[in-house]
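These notes concern the structure reproduced below.
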Amino acid sequence: MRDFSAMKRVVIKVGTNLITRDNGIDEARIVDICRQIASLREKGYQVILVSSGAVGLGAKELGHGKKIAYVPMRQACAAIGNPILMSHYRKAFSIYDTICAQVLLTRRDLNNRTTYNNLRASVSTLLTLGVIPVFNENDVVANTNEIGEIFGDNDRMSAMIASKIDADLLILLTDIDGVYTGNPKSDKDAVFIPEIEHVSGKIMSYAKGAGSTFSTGGMKTKLMAAQIASMAHCGTIIASGYEKDSLIRIMAGELVGTYIHPEKKLTQRQRWIINNSHVGAIMVDKGAKKALGDKKSLLPSGVVGVVGVFDAGDVVAIMDTDGFVFAKAVPYFNSTDIALMKGLSTQEAAKAISKAHIDCLFRPEDLVLTDA
Ligand code: GLU
């Protein structure tokens, strides 16, 4: 048994495959999920639902049967599909005397402090009222051309929500019963992994490929989501939504699905850094990479390049000379100044940007390692 007795806030994500069929919505599945959620709420849990399915339902309404790659068409399908999706949730939740609410989110809303605070306040009001917020990415307006503007898939979005609203557990319901050493649908030697302490590169290598016709996620995005959640000290369960009473049994501590344990708690600032999209990057040499890993400050002498345009105080990616991003940080200088200072001693660097003195580009508290 697992001990989830101290948990209070749970984010549950359901995928497109789970709730749709060839001809549209899987009514019975939605009713079953809503029944379990209502029962968890009765037990005192605060439940947030993240549901995919809008694009798929919109496409089916228009009579499209294939994956939609053309972005404006995906956006149109999302606009058509979201109210359809919500009408099914409303109907199903009403059987259990439960009110649900729709929250459409873009990544920008989470990155911006004002909209993030507004979101926190409205979600906590909904939860206090006993209402189930149903989240989806606002595909209709998400700007898919700009890197860092979109979540891309609801697996990662649900993890970021879980992280930002201090959830205790993220449950990703899918069509397989957890994480395996290979794809159990095609590899008969694939072995089930019930517990994961840390999502290492090896664990990541077990998961390949994307989802099916209308969904965007796959096991890889689920493990990436678990990584995001675990850094916010939130555990993740990846489990099958086809298994009877899976949600109720998971919360009761039964060994359903794969449990990815939370990492040690990060500070609010570290979480803000880690969950923010970066606007550029600083490339550092081997020595600086090691120093950052040993919790030292970044000096200009360790910088070999700057990518993109950013301001002082923006979140930037930190990469090694192979282009591998191993950390995120908040530098004290903008990209132009850092480019002028690269490779110099602190004295020369200060002179290069016409300052009397500089200590470093950022300190250990301004950095979070993303690949430990
Ligand atoms: N937001 C998309 C939808 O509602 C789904 C994204 C995903 O599959 O993760 O259809």
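The values are calculated or read from the model by the stated rules, or taken from the named source; none is laboratory data. Everything quoted here is computed from the prediction, not taken from an experiment. Don't worry about glycine lacking a Cβ; one is built from the backbone with ideal geometry, like all the others, and counts go over all protein chains shown. Note: areas computed on protein heavy atoms with side chains; ligands, DNA, RNA excluded. Shrake-Rupley method; radii C 1.70, N 1.55, O 1.52, S 1.80 Å.
Report the Stokes-Einstein translational diffusion coefficient (µm² s⁻¹, integer) for the stretch 180-319, Rh taken as the Kirkwood radius over Cα pairs, at 20 °C with viscosity 1.002 mPa s. Can you show the working numbers first?
On the way: Rh = 17.9 Å.
The estimated diffusion coefficient comes to 120 µm²/s.
DSSP finds beta bridges in the chain, and of those with both partners inside it, around 40 percent are antiparallel.
Given the alpha-carbon gyration tensor of the stretch 40-160, what are the semi-axes of its equivalent ellipsoid in whole angstrom, ordered largest first, with each equal to the square root of 5 times an eigenvalue?
In descending order, the three semi-axes are 25, 20, 10 Å.
Taken about its Cα centre, the chain carries a charge dipole of roughly 240 debye when the Cβ of each Lys and Arg holds +1 and the Cβ of each Asp and Glu holds -1.
Please compute the Kirkwood hydrodynamic radius over the stretch 37-89, one decimal place, Å, based on all pairs of different Cα atoms. Provide the component values of the computation, followed by the final result.
Details: mean 1/r = 0.0813 Å⁻¹.
Mean inverse Cα-Cα distance, inverted, gives 12.3 Å.
The THR346 and HIS261 beta-carbon pair, evaluated with R₀ = 35 Å, returns a calculated FRET efficiency of approximately 0.30. Placing a label point 7 Å from the Cα of SER5 along the Cα-to-Cβ line, the residues of the stretch 236-256 whose backbone N sits under 18 Å from it are 249-255.
Here the chain has an Rg and Dmax of 22.1, 71 Å, counting Cα atoms alone.
For ALA252 and THR125, calculate 0.36 nm times their separation in residues minus their Cα-Cα distance, and state this gained length in nm to one decimal.
Contour length minus the Cα-Cα distance gives 43.1 nm.
How much net charge surrounds GLN270 when only the other residues with a Cβ under 10 Å from the Cβ of GLN270 are counted, with Lys and Arg +1 and Asp and Glu -1?
With Lys, Arg at +1 and Asp, Glu at -1, the net is +2.
If we count every other residue with Cβ under 11 angstrom of VAL103's Cβ, Lys/Arg +1 and Asp/Glu -1, where does the sum land? Please list the in-between numbers first.
On the way: positive: none; negative: ASP109, GLU137.
Net local charge, VAL103 excluded: -2.
Quick one: angle between helix 154-164 and the longest Cα principal axis of the chain, in degrees between 0 and 90, rounded to 10, please. Here the helix axis deviates by roughly 70 degrees.
Take 299-308, 93-102, 350-359 and order them by the average number of nearby Cβ atoms within 10 Å per residue, most first; the result is 299-308, 93-102, 350-359.
Computed from label points 7 Å out along Cα-Cβ, the spacing between GLU42 and ALA28 is 2.2 nm.
On a per residue basis, the chain carries 45 Å² of accessible surface, using protein heavy atoms and a 1.4 Å probe.
Can you pull out the trypsin sites (Lys or Arg not before Pro) in the stretch 230-309 that DSSP calls coil and that have at most 12 other Cβ atoms within 10 Å? Answer in residue order: LYS244, LYS264, LYS265, LYS295. Computed over the chain, relative contact order equals 15 percent, with contacts defined as Cα pairs under 8 Å that lie 6+ residues apart.
Relative contact order of the stretch 176-308, taken over Cα pairs closer than 8 Å and 6 or more residues apart, is 22 percent.
Once you have the Kirkwood Rh of the stretch 228-281 from its Cα pairs, apply Stokes-Einstein at 37 °C and 0.692 mPa s and quote D in µm²/s. Approximately 252 µm²/s, per Stokes-Einstein. To put it simply, the accessible area of the chain at a 1.4 Å probe is 54 percent carbon and sulfur.
Among LEU247, LEU85, LEU105, which residue has its Cα positioned farthest towards the positive end of the charge dipole of the chain, with +1 placed on the Cβ of Lys and Arg, -1 on the Cβ of Asp and Glu, and the dipole taken about the Cα centre? Value: LEU105. The stretch between VAL71 and GLN268 holds 67.5 nm of extra length on full extension. This uses 0.36 nm per residue minus the Cα-Cα distance. Gain on full extension, evaluated as 0.36 nm per residue between SER200 and ASP175 minus their Cα-Cα distance, stands at 6.7 nm.
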